[in-house]
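In what follows, a single structure is set out as structure tokens and then discussed.
Every number in this text was worked out from the coordinates using simple rules, so none of it is lab data. Only a predicted model underlies this, so the values are computations on that prediction, with no experimental measurement involved. Here the Cβ is made from the backbone with ideal geometry for all residues, glycine too, and neighbour counts use every protein chain on show.
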Amino acid sequence: MKSTYNSHVKRIILGIIVVAICGYGAKRVLTPATFGKYGHYRADAIEEEAGLDIRHYTNTSCFSCHAWEAQTHLEGKHQSISCEFCHGAYADHVREDKKFAALPVKRDQEIVTLCMRCHNSAITARPHDVIKTVVLPGHLEEQKVKPTHTCNQCHHQHAPLKYINRAKAMVGIKEAS
Amino acid sequence: MNSAHEGSAYLISNYVLPNDLHVHWSMMIVLYPYLSGLVDGAFIVAALYYVFGVQSLKPIARFSLIFALAFLLCVGLPLNLHLGRPERGLNMMVTPSPTSAMAGGGYLYGVTFLVLILLILFLYRIHLVMQQQQSQGLKKLFYQVLTFGSDNVSAEALALDKKVIRFLAALGIPVATVFHGYVGFLFGGVKANPSWSTPLMPVIFLFSACVSGISGIVLAYIVIKKIRKAAIDVACVRTLINTLYGFFILAFAFEMLEVFSHSYLRTGYHHMVEGLLNGPLHTSFWIWQVGICSFGPLLILSGLCLFKVRDGVLVVGGAIVSFILLLQVLFMRWNVIIGGQLISKSARGYTEFHPEWFDKEGIVAVVFVMAIPFILLFILSRIFPLWLENENQA
Amino acid sequence: MDRPHLKPDFAVNPCFSKDRRRFIRKVLDGTIAGSLLLVIPAGAELPVIPEQIKGLRDKAYDIQKQQFAFIVDITRCIGCGSCCVADKREYNVPDGNYRTWVERYLKDYEDNVYVDSPNGGLDGYQEPRDDLDVKIRDTFFVPKLCNMCQEPSCVQVCPVGATFKTPDGFVLVDHKRCVGCAYCIQACPYSVRFLHPESKTADKCTWCYHRVRRGLLPACVDVCPTGARKFGDLNDAESEVAQILKGPGVLTVLKKEMGNWPALYYKGLRREVV
């Protein structure tokens, strides 16, 4: 077959047009359905993000079973603290209204570490109107207790001044008489 | 001076933001502009002959295009090695964001590839038609595809080819320029990084791309000719070296202007850029990029271009200076890309870069990626001979 | 002798605690009966959580009309790190990456500022810094998170439209579309984005969009014991954030010169913070 002088050029131009059309078609097909609804993105992604599982259920959910702890917690200075911060996320504890695993409870020196995260005076950035801070072992020496004492031996972790106030009341009475 | 007012006192604690510790754009991203710069530079060399008619460059005009093609074929490899989800890489062509420089990459690559491959196929058409007529079976089919099924090499056809070649070569200049220039803008448009954000970035990238392209052609030409024990066209090398001199002066001037502007204007986060260049990057920037690899070549090039030198000296000197400049451009890419990421957005510290050995973006992978274009060049030279005995085309 | 009346100790009387439990359940059921409506996506569990963002649940969510703001009050942050812990737990954030973090600033008598953020403040700040040989004059903590910019530079540079700003002002990531190029991470002036090591896509703080849509506060805001983090609906004129924003107090944003127009405001921000 003899080709004309410009047949190769014609075939190239035709080829480019065909590829461009196919490419455009592929682009239309491959672009996700909700793309461009609100902007240059897949609108379905918004609902996908909104539909993620929540893992923290706030204190109210904890209180719905742990009424006794709720009573103490809500009366004390720690009422603004999240149960889930110290104990772990609700989703690691309850699934479909049934407990499936126990949440860890801090013991011994772990409690001291946890308390000192917030209450250490040595870091001066803690405004006094916001939180009461102490230093260890100074605080223990001041209170005349053993240096191996953990915080929760005097302070109820859910209501830190509960026993302190009770003790003060008792001591107060003694002094009064 | 009261530290409360002194910007550089910010660096006293070397605080790096928690998410800034890791350098995300690693050696593969250094390689990408390096390779695409070589493509752009090689194309400009070819364009000097095909568009601007610099006759002394005829011996390497075709060679430059094949060289450019060899590098263009693998320029996507470092990018895909870098992507977290390379299987989704085509998303950039399906839903390219109109505000993202990176999104332009896919289409620009397509156009550049089309222009380059068409130019090569037109330039080699006579040779390819001859090959088609002389071969059988699968090889014949292969050459038929490359000639678009046409074996017409009449005077009319060749005259048309000449026009097409002029058109493609002229079109190729802005195409290749934008293909590499967009990379410069990709960095220049990041306001969050004080080392990157400058309008000069595309200009610096482009001029140093030309430097690397010319150097690559010179070095490859000399080495290949030496391996084949063939003659070197010294007039061609002389023109190339003179052009290299000109482009390098421009590239170096812009690189230094950038540093000098920052340190003079003393705006915003300049203390971070200064601290970077005088601190973590002191050796690789001042000693290597500027000292050994910029002042050295400036001296050598001045000697080669401004004075009468013997042919032998020119060839050896040209090869040496080309090698050093190829290093200079690599250092420049490294210092900008990786160096820029060492600056923490806290404006208070620098992180460190730790290259891996066997990571997909590691040192072994880099060596591999750098070797592939040369293998491709060899394969391509079997299809498109780098130098033809009968130079019939314009 | 008058003994102060001591409340009955519930631990001693188990019957009392069971009644208590039932009572609380009834109370909660009563108050939330009407408000847990259609807003929660079908098929999702209905948690026993009262609404935290007022008015969000009792009508359909009109994405075009919502506007939220986040305010961080530096004067109240004690560096406890509860926010970081809650955030990490809510999203199972991989180690070494941070959606939110807390920085500690120390200032000495020469006005030098020393900043650190050990593990992003995840373990809180137990001890003062022992590696500095200077007398410290002042300390404060700065929580940081996504600034939810109104002209986000991350959205501008994303090549595939995988990160975007929703009509209700949240900058989110489409994890099915992201190619992991990390351009958005380079473009964010606040360094709040990171590459998730498992999905290999970009990730960042989303102001707990999935919680906000259910009428809940972001996890970090909910757990903050001192009210240093505040979040609210700007359409609700009585919300704390709306009142602060419309009030005369000084609110600042980070790196204002970047031109991103963050929706995250700082109250009491110090000039040392970048």
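Points worth noting:
- Relative contact order computed over chain A (Cα-Cα under 8 Å; 6+ residues apart), in percent: 16
- Overall form of segment B:265-394 per C-alpha gyration tensor (a/c, 1.5; a/b vs b/c): oblate
- Computed from backbone phi, the HN-Hα couplings of segment B:353-368 come to 10, 10, x, 8, 8, 10, 6, 5, 10, x, 5, 4, 5, 4, 4, 4 Hz, rounded to whole numbers (Karplus: 6.51 cos²θ - 1.76 cosθ + 1.60, θ = phi - 60°; Gly and Pro given as x).
- Compactness check for the protein assembly as shown: Cα Rg over 2.2 N^0.38 Å is 1.20.
- Cut-off under 5 Å, modelled amide H: who pairs with C:Asp138 long-range: C:Lys107
- Amide hydrogen neighbours beyond the local backbone of A:Val94, cut-off 5 Å, H modeled: A:Phe100
- At an R0 of 22 angstrom, the distance between the Cβ atoms of B:Lys140 and A:Val18 translates into a FRET efficiency of 0.35.
- Simple spin-label estimate for C:Lys65 and A:Asp53 gives 3.4 nm between the two label positions (7 Å along the Cα-to-Cβ direction from each Cα).
- Hz values of 3J(HN,Hα) by residue in segment C:244-259 - Karplus curve (6.51, -1.76, 1.60), Gly and Pro given as x: 5, 5, 8, x, x, x, 7, 10, 10, 10, 7, 6, 4, 5, 5, x
- Other protein chain C-beta atoms within 10 Å of residue C-beta, averaged over B:340-347: 3.
- Here B:Val259 and A:Ala33 are evaluated by their C-beta separation; at R0 = 41 Å the FRET efficiency comes out at 0.25.
- Near B:Ser56: Cβ cut-off under 13 Å, other residues only, Lys/Arg at +1 and Asp/Glu at -1. The net charge is +1.
- Amide proton proximity set for C:Asp233, modelled H, under 5 Å, gap of 5+: none
- Cross-link pairs exceeding 21 Å between alpha carbons, from the set B:Lys139/B:Lys162; A:Lys37/C:Lys204; C:Lys204/C:Lys246; B:Lys58/B:Lys308; A:Lys98/C:Lys59; B:Lys58/B:Lys226: B:Lys139/B:Lys162; A:Lys37/C:Lys204; C:Lys204/C:Lys246; B:Lys58/B:Lys308; A:Lys98/C:Lys59.
- Top of A:Asp53, A:Asp129, A:Asp108 by mean-square fluctuation, Gaussian network on chain A, Cα under 10 Å: A:Asp129
- Based on Cα contacts under 8 Å between residues 6+ apart, segment B:236-332 shows a relative contact order of 41 percent.
- Separation of segment A:29-77 and segment B:106-131, taken as the distance between their Cα centroids, equals 55 angstrom.
- For the protein assembly as shown, DSSP calls about 85 percent of its internal beta bridges antiparallel.
- Compared with the alpha-carbon gap, the fully stretched path from B:Ala231 to B:Met130 is longer by 33.8 nm at 0.36 nm per residue.
- Neighbour counts of other Cβ atoms within 10 Å put A:Lys77, A:Lys99 in the fewest-to-most order A:Lys99, A:Lys77.
- Relative contact order (percent, whole number), segment C:194-247, Cα cutoff 8 Å, 6+ residue spacing: 16
- Once you reduce segment C:64-114 and segment B:173-241 to the center of their Cα atoms, the two points are 45 Å from each other.
- Estimated inter-spin distance, C:Leu251 and B:Phe378, nm [label 7 Å along Cα→Cβ]: 6.6
- Protection proxy ranking for B:157-169, C:204-216, C:65-77, using the average of other Cβ atoms within 10 Å per residue and placing the highest first: C:204-216, C:65-77, B:157-169.
- Neighbouring partner chain Cβ atoms per residue of A:77-89, average, 10 Å criterion: 4
- Seen from every direction in turn and averaged, the convex hull around the alpha carbons of segment A:7-50 projects onto 3.7 nm².
- Whole-Hz couplings from phi, Karplus 6.51/-1.76/1.60, listed for segment C:141-155; x for Gly and Pro: 10, 10, x, 10, 7, 4, 7, 6, 4, 7, 10, x, 6, 5, 5
- Distance between the 7 Å Cα→Cβ label points at A:Asp44 and A:Asp97: 3.2 nm.
- Cleavage-rule hits (chymotrypsin sites (Phe, Trp or Tyr not before Pro)) in segment A:57-106: DSSP loop, at most 16 neighbouring Cβ within 10 angstrom: A:Phe100
- With only the Cα atoms considered, segment A:106-177 has a convex hull volume of 107 Å³ per residue.
- When chain B is treated as a Gaussian network with alpha carbon springs shorter than 10 Å, the biggest mean-square fluctuation among B:Arg266, B:Arg125, B:Arg85 belongs to B:Arg85.
- Restriction of the chymotrypsin sites (Phe, Trp or Tyr not before Pro) in segment C:94-193 to DSSP coil positions whose beta-carbon has at most 14 other beta-carbons within 10 angstrom yields C:Tyr109.
- Most mobile listed residue (B:Ser197, B:Ser100, B:Ser64) in chain B, GNM with C-alpha springs under 10 Å: B:Ser100
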